[in-house]
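Asker: Dumping the structure here so I can ask a few things about it.
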Amino acid sequence: NAGVTQTPKFQVLKTGQSMTLQCAQDMNHNSMYWYRQDPGMGLRLIYYSASEGTTDKGEVPNGYNVSRLNKREFSLRLESAAPSQTSVYFCASSERLKETQYFGPGTRLLVL
Amino acid sequence: AQSVTQPDIHITVSEGASLELRCNYSYGATPYLFWYVQSPGQGLQLLLKYFSGDTLVQGIKGFEAEFKRSQSSFNLRKPSVHWSDAAEYFCAVGSISGNTPLVFGKGTRLSVIA
């Protein structure tokens, strides 16, 4: 089992460019999440999907959109990247919202 | 809504010394509690979790944590720290009702010196 996989591992964007971060899990989990991690800020929840077909805003959703493509895949889109979105992005999944979350290796995004 | 506080941003311990990382939570009912570890450049890995039952929970890598309802705490301990334990540690709390995601603390960075 690969667990939670994320692509790409690293990306450099120019301000105003768009991109989609991909996440997939092979654990048949119902719930999936996107976080960003910045120094001194801990993990901040961007969006989550409690189950296939549903998505909800987290703590910092502005500037992002998500798609729960199917039970396995949950993508995060930046429509017009800004330097403030420079961060490390983590995807996670869990059986249900209250259960243990399993994390991917992260995507490092630099917006110039 | 639940919340979690990790009072220590950064802790430095000597190799071989004991370790205690603090975690305090706020939640009206008995919470689900977790400790995760993040090594540099890696994702988060589960160390241990408490759902119910015995309040002293054993985890991987020799870590343990104790749930103290009266103090709203779930502190992480290790009797003898190894250099490889240097990492960031996150406490998280979940609700029994299960209708909201886990809430994570801001983390405690552990440095280990010789």
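The values are calculated or read from the model by the stated rules, or taken from the named source; none is laboratory data. Just so it is clear, the model here is predicted, and its values are computed rather than measured. Cβ: placed from backbone, ideal geometry, glycine included. Neighbour counts: every protein chain shown.
Asker: Just checking, which of A:R108, A:R44 is within 11 Å of the chain's Cα centre (by Cα), surrounded by fewer than 19 Cβ atoms within 10 Å (Cβ to Cβ), assigned to a strand (DSSP E or B) and touching a residue at least 12 places away in the same chain (Cβ under 8 Å)? Spell out the reasoning first.
Answerer: Numbers: A:R108 fails: within 11 Å of the chain's Cα centre (by Cα).
From the options A:R108, A:R44, the qualifying one is A:R44.
Asker: Pull out all pairs, ordered by first then second residue, where Cβ-Cβ is under 6 Å, the residues are six or more apart or on different chains, the first lies in the range A:1-16 and is over 17 Å from A:W34 (Cα atoms) and of a type outside the set (V, I, T), and the second is modelled with pLDDT under 95 and assigned to a strand (DSSP E or B).
Answerer: From the range A:1-16, no pairs qualify.
Asker: Next question, about the same structure. Mind listing whichever residues of the range A:51-66 are touching a residue at least 12 places away in the same chain (Cβ under 8 Å) and either at the interface with chain B (Cβ under 8 Å from one of its Cβ atoms) or farther than 15 Å from A:A92 by Cα (or both)? First the steps, then the outcome.
Answerer: Going through the range A:51-66, the residues touching a residue at least 12 places away in the same chain (Cβ under 8 Å) turn out to be A:51-55, A:58-61, A:63-66.
Within the range A:51-66, A:G53, A:T54, A:G58, A:E59, A:V60, A:P61, A:G63, A:Y64, A:N65 meet the criteria.
Asker: Please specify each residue of the range A:87-100 satisfying the condition of being facing chain B (nearest Cβ under 7 Å) and either among the charged types (D, E, K, R) or over 10 Å from B:G43 (Cβ atoms) (or both).
Answerer: A:R96, A:L97, A:K98, A:T100 - these are the residues of the range A:87-100 that are facing chain B (nearest Cβ under 7 Å) and either among the charged types (D, E, K, R) or over 10 Å from B:G43 (Cβ atoms) (or both).
Asker: For the structure I just gave you, tell me whether B:K49 is surrounded by fewer than 20 Cβ atoms within 10 Å (Cβ to Cβ), on the phi < 0 side of the Ramachandran plot and within 11 Å of another protein chain (Cβ to nearest Cβ). Quick ask: steps written out before the conclusion?
Answerer: Numbers: surrounded by fewer than 20 Cβ atoms within 10 Å (Cβ to Cβ): yes; on the phi < 0 side of the Ramachandran plot: yes; within 11 Å of another protein chain (Cβ to nearest Cβ): yes.
Answer is yes for this residue.
Asker: For the range A:80-103, name all the residues that are farther than 22 Å from B:Y32 by Cα, touching a strand residue (DSSP E or B) at 6+ places or on another chain (Cβ under 7 Å) and outside any strand (DSSP E or B).
Answerer: Of everything in the range A:80-103, those that are farther than 22 Å from B:Y32 by Cα, touching a strand residue (DSSP E or B) at 6+ places or on another chain (Cβ under 7 Å) and outside any strand (DSSP E or B) turn out to be A:A81, A:A82, A:P83, A:Q85, A:T86.
Asker: Could you check the range B:15-32 and list, in sequence order, the residues that are within 11 Å of chain A (Cβ to nearest Cβ) and either β-branched (V, I, T) or within 27 Å of A:P105 (Cβ to Cβ) (or both)?
Answerer: Pass one, the range B:15-32, residues within 11 Å of chain A (Cβ to nearest Cβ): B:31-32.
Selection gives B:Y32 alone.
Asker: Which one of these does A:S67 not meet: (1) touching a Pro at 6+ places or on another chain (Cβ under 7 Å); (2) in a strand (DSSP E or B)?
Answerer: Checking A:S67 against (1) touching a Pro at 6+ places or on another chain (Cβ under 7 Å); (2) in a strand (DSSP E or B), the one that fails is (1).
Asker: Would you be able to tell me the number of residues in the range B:69-110 that are in a loop (DSSP other than H, G, I, E, B), away from chain A (no Cβ under 14 Å) and modelled with pLDDT under 95?
Answerer: Result for the range B:69-110: 1.
Asker: Restricting to the range B:22-50, name every residue that is touching a helix residue (DSSP H, G or I) at 6+ places or on another chain (Cβ under 8 Å) and modelled with pLDDT under 90.
Answerer: Once the filter is applied, which keeps residues that are touching a helix residue (DSSP H, G or I) at 6+ places or on another chain (Cβ under 8 Å) and modelled with pLDDT under 90, the range B:22-50 yields only B:T30.
Asker: Determine, yes or no, whether B:K61 is closer than 16 Å to B:T5 by Cβ and not in a strand (DSSP E or B).
Answerer: Values: closer than 16 Å to B:T5 by Cβ: no; not in a strand (DSSP E or B): yes.
When the stated conditions are applied, B:K61 does not pass them.
Asker: Can you tell me how many residues in the range A:80-96 are more than 13 Å from the chain's Cα centre (by Cα) and either surrounded by fewer than 22 Cβ atoms within 10 Å (Cβ to Cβ) or closer than 16 Å to A:T20 by Cβ (or both)? Lay out the reasoning, then the answer.
Answerer: From the range A:80-96, those more than 13 Å from the chain's Cα centre (by Cα) are A:80-84, A:86, A:94-96; that's our starting set.
Restricting the remaining residues to those that are either surrounded by fewer than 22 Cβ atoms within 10 Å (Cβ to Cβ) or closer than 16 Å to A:T20 by Cβ (or both) gives A:80-84, A:86, A:95-96.
Within the range A:80-96, residues that are more than 13 Å from the chain's Cα centre (by Cα) and either surrounded by fewer than 22 Cβ atoms within 10 Å (Cβ to Cβ) or closer than 16 Å to A:T20 by Cβ (or both) number 8.
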